[in-house]
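The values are calculated or read from the model by the stated rules, or taken from the named source; none is laboratory data. Because the structure is predicted, anything quoted here is derived from the model rather than measured. Cβ sites come from the backbone with ideal geometry, for glycine too, and all protein chains shown count toward neighbours.
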Amino acid sequence: MASPEDRAPISDQSESWPVVSTRDLHRDGWVMALRRDEISRPGAVDEEPFGRLVLEHPGAVVVLALDEQDRALCLLQYRHPGQHRFVELPAGLIDGEDEEPVDVARRELREEAGLEAVGWEHLASAYSSPGISSELIHYFVARDLSEVDRDFTPHHEEADMEARWVAFDELHAAVLDGRISDGPMILTVLMARARGHA
């Protein structure tokens, strides 16, 4: 076993195990699909391939929009799988392979909140649930906000969405005491506090 002095700094490593076969379980015109891959462990010649489900996801962005009073623009939105109206931040899917995450963040802030920002900072990029999904979410802080036309007509759950400005300290307290349970919101608020944004 290596001593602590011999170890490289801790870091995720890019790696891909051999896929023996793959089968679509669900695929349609929507942005996500579900497939089953049979994979093998490298170097394990005596082991049979084993199955893993993969939820294909194009990636997403989340935006913490902070005004000059350190209030965050929050969205209250019903999410059917979770059976809750969650306190969330402006967010959205990456629509194309050539879209830069910060450009998607700008679009989503405009569409969902009717805001644009001069200042943008990337907080983190994190896989939501890498045991089942390829979803990689990019987290941003947006400052120096101004109102703009939304140029977007909301439908379904988005048509019922409520926007609310919340003091960042109140939002942080709600995360810490469990009143807010949306994972991306929790990660964003804790990262923003750790980086000294509010």
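Here is how the numbers come out for the structure above:
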quantity	calculated
Which numbered condition GLN69 misses (of (1) more than 15 Å from MET185 (Cα to Cα); (2) surrounded by 15 or more Cβ atoms within 10 Å (Cβ to Cβ); (3) polar (S, T, N, Q); (4) in contact (Cβ under 8 Å) with a residue 60 or more places away in the chain)	(2)
Qualifying residues in region 40-56 (those that are assigned to a loop (DSSP other than H, G, I, E, B) and not aliphatic (A, V, I, L, M)) - the one farthest from SER133 (Cα to Cα)	ASP46
Test result for ILE10, within 19 Å of SER129 (Cβ to Cβ) and aliphatic (A, V, I, L, M)	no
Counted residues, region 173-198 - those being under 20 Å from TYR127 (Cα atoms) and of a type in the set (Gly, Ala, Ser)	4
Given (1) assigned by TED's automatic domain parsing to the domain that holds ALA124; (2) loosely packed, with under 11 Cβ neighbours inside 10 Å, number of the condition ARG23 does not satisfy	(1)
Within region 64-91, tally of residues that are part of a strand (DSSP E or B) and either assigned by TED's automatic domain parsing to the domain that holds MET32 or at positive phi (or both)	0
Residue in region 41-54 that is loosely packed, with under 10 Cβ neighbours inside 10 Å, at positive phi and not aliphatic (A, V, I, L, M) present	yes
Of the criteria (1) in contact (Cβ under 8 Å) with a residue 40 or more places away in the chain; (2) touching a Lys or Arg at 6+ places or on another chain (Cβ under 9 Å); (3) more than 23 Å from LEU190 (Cβ to Cβ); (4) surrounded by fewer than 13 Cβ atoms within 10 Å (Cβ to Cβ), which one HIS80 fails	(2)
Close pairs from region 10-34: first of a type in the set (Gly, Ala, Ser), partner surrounded by 10 or more Cβ atoms within 10 Å (Cβ to Cβ) and in a strand (DSSP E or B), Cβ under 8 Å, at least 6 apart	SER21/ASP37; SER21/GLU38; ALA33/ASP24; ALA33/HIS26; ALA33/LEU55; ALA33/GLU56
Failed condition for PRO101, given (1) modelled with pLDDT of 90 or more; (2) surrounded by fewer than 17 Cβ atoms within 10 Å (Cβ to Cβ); (3) at negative phi	(2)
